[in-house]
Amino acid sequence: DTGVSQDPRHKITKRGQNVTFRCDPISEHNRLYWYRQTLGQGPEFLTYFQNEAQLEKSRLLSDRFSAERPKGSFSTLEIQRTEQGDSAMYLCASSLGGSNEQFFGPGTRLTVL
Amino acid sequence: AQKVTQAQTEISVVEKEDVTLDCVYETRDTTYYLFWYKQPPSGELVFLIRRNSFDEQNEISGRYSWNFQKSTSSFNFTITASQVVDSAVYFCALTDNLDSSYKLIFGSGTRLLVRP
């Protein structure tokens, strides 16, 4: 499968715990995006990378969130001290260049109890 | 500011009916890109189409067609002879050259239910 993959697909955690998600983009894509989607809404932008550089972060990304993309390949999104409001689907997408279509992974559904 | 409005929250049709999903967008840029994505119950967003602001030709792909009208800032999506497998949430999205991130601004989606 040469599409975008995400791991895990589901994560249930208790409030206050740390969680980390992984995204593997399509191999030749230089841009990688993270979005968050809550029930009944469209995805909202969190942050993006061009190669290994994180170039923009949304105001939605509080200081409890951190993302990395070492060596411009896979990316991780970590949430520290999770809160119930963090419960959502976290989507990763990759693209070749800026204005081209973004291809999405299956998402990681986070539930914070 | 960029904005995408999908006023239809939910549409229900009987199989083989035609259905049109509306999308209205706002942007200050003259160069922008519009997208439609499908999100089936499995949850994965599936890319359907990308159009740039300089190409107003309507596009047809099988049972799917798109009507792009700059005069009304609309990019509507029609499914002809709908099928049960078309049941999903459909999102319209926008990005433009004013924003170097090219992040997608999504509408709130239209849930389409096709009944047998």
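The values are calculated or read from the model by the stated rules, or taken from the named source; none is laboratory data. Since the structure is predicted, the reported quantities are computational estimates derived from the model, not experimental observations. In this analysis, Cβ positions are derived from the backbone assuming ideal geometry, glycine residues included, and neighbour counts consider all displayed protein chains. Side chains are part of the model used for accessible areas, which takes the heavy atoms of the whole protein and leaves out ligands, DNA and RNA. Shrake-Rupley method; radii C 1.70, N 1.55, O 1.52, S 1.80 Å.
Of note:
- GNM top mover of B:Ser53, B:Ser87, B:Ser42 - chain B, alpha-carbon springs below 10 Å: B:Ser42
- The order of the peptides B:19-25, B:66-72 by mean Cβ neighbours within 10 Å, most packed first, is B:19-25, B:66-72.
- Within-14-Å neighbourhood charge of A:Phe49 [Cβ basis; K, R +1; D, E -1]: +2
- The accessible-area loss of region A:26-56 on complex formation, taken against its chain alone with a 1.4 Å probe, reaches 10 Å² or more at A:Arg31, A:Tyr33, A:Tyr35, A:Gln37, A:Gly40, A:Gln41, A:Gly42, A:Pro43, A:Phe45, A:Tyr48, A:Glu56.
- Shown is the FRET efficiency for A:Leu113 and A:Arg59, computed with R0 = 25 Å from the Cβ-Cβ distance and rounded to the nearest 0.05: 0.45.
- Counting only protein heavy atoms and a 1.4 Å probe, region A:32-113 has 43 square angstrom of accessible area per residue.
- Chain A and chain B together bury an accessible surface of about 1700 square angstrom, both sides counted, with a 1.4 Å probe and no ligands or nucleic acids included.
- Per residue of peptide B:31-41, the mean number of Cβ atoms on other chains within 10 Å of the residue Cβ is 2.
- For the protein assembly as shown, the number of Lys pairs separated by eight or more positions or lying on different chains, with C-alpha atoms closer than 20 Å, is 8.
- For region A:1-54: relative contact order, % (alpha-carbon pairs under 8 angstrom, 6 or more apart): 28
- Debye-formula intensities of region B:7-104, expressed as log10 I(q)/I(0) at q = 0.11, 0.12, 0.19 Å⁻¹, are -0.34, -0.40, -0.96 (one equal scatterer per alpha-carbon, no solvent).
- Solvent-free Debye scattering, log10 I(q)/I(0), computed from the Cα coordinates of region A:16-98 at q = 0.21 Å⁻¹: -0.96
- Other residues with beta-carbon under 10 Å from the beta-carbon of B:Gln83 carry, at +1 per Lys or Arg and -1 per Asp or Glu, a net charge of 0.
- Computed on chain A, with alpha-carbon pairs under 8 angstrom and 6+ residues apart, the relative contact order is 37 percent.
- Difference of contour (0.36 nm per residue) and Cα-Cα distance, B:Asp99 to B:Asn52: 15.4 nm
- Positive minus negative residues near A:Ala88 (Lys, Arg vs Asp, Glu; Cβ under 10 Å): 0
- Antiparallel DSSP beta bridges within region A:20-113, as percent of all bridges there, nearest 5: 100
- For the residues of A:102-113, the average number of beta carbons from a partner chain within 10 Å of their own beta carbon is 3.
- When you count the other C-beta atoms within 10 angstrom of each residue and take the mean per peptide, B:26-37, B:99-110 line up highest first as B:99-110, B:26-37.
- Summary of the geometry: region A:1-52 and region B:1-69, compared by the centres of their Cα atoms, lie 23 Å apart.
- Each Cα pair under 8 Å and six or more residues apart adds its sequence gap; the mean of these over the residue count of chain B is a relative contact order of 38 percent.
- Accessible area of region B:1-42 belonging to carbon and sulfur atoms, whole % at 1.4 Å probe: 48
- The DSSP beta bridges internal to chain B are antiparallel in roughly 90% of cases.
- Chain B - accessible surface per residue (Å², probe 1.4 Å): 47
- Quotient of the Cα radius of gyration of region B:3-45 and 2.2 N^0.38 Å, N being its number of residues: 1.49.
- Packing, taken as the mean count of other beta carbons within 10 Å per residue, orders the peptides A:65-71, B:44-50 from highest to lowest as B:44-50, A:65-71.
- Remark: the protein assembly as shown is approximated by an ellipsoid whose semi-axes, taken from the C-alpha gyration tensor as √(5λ), come to 30, 21, 16 Å, largest first.
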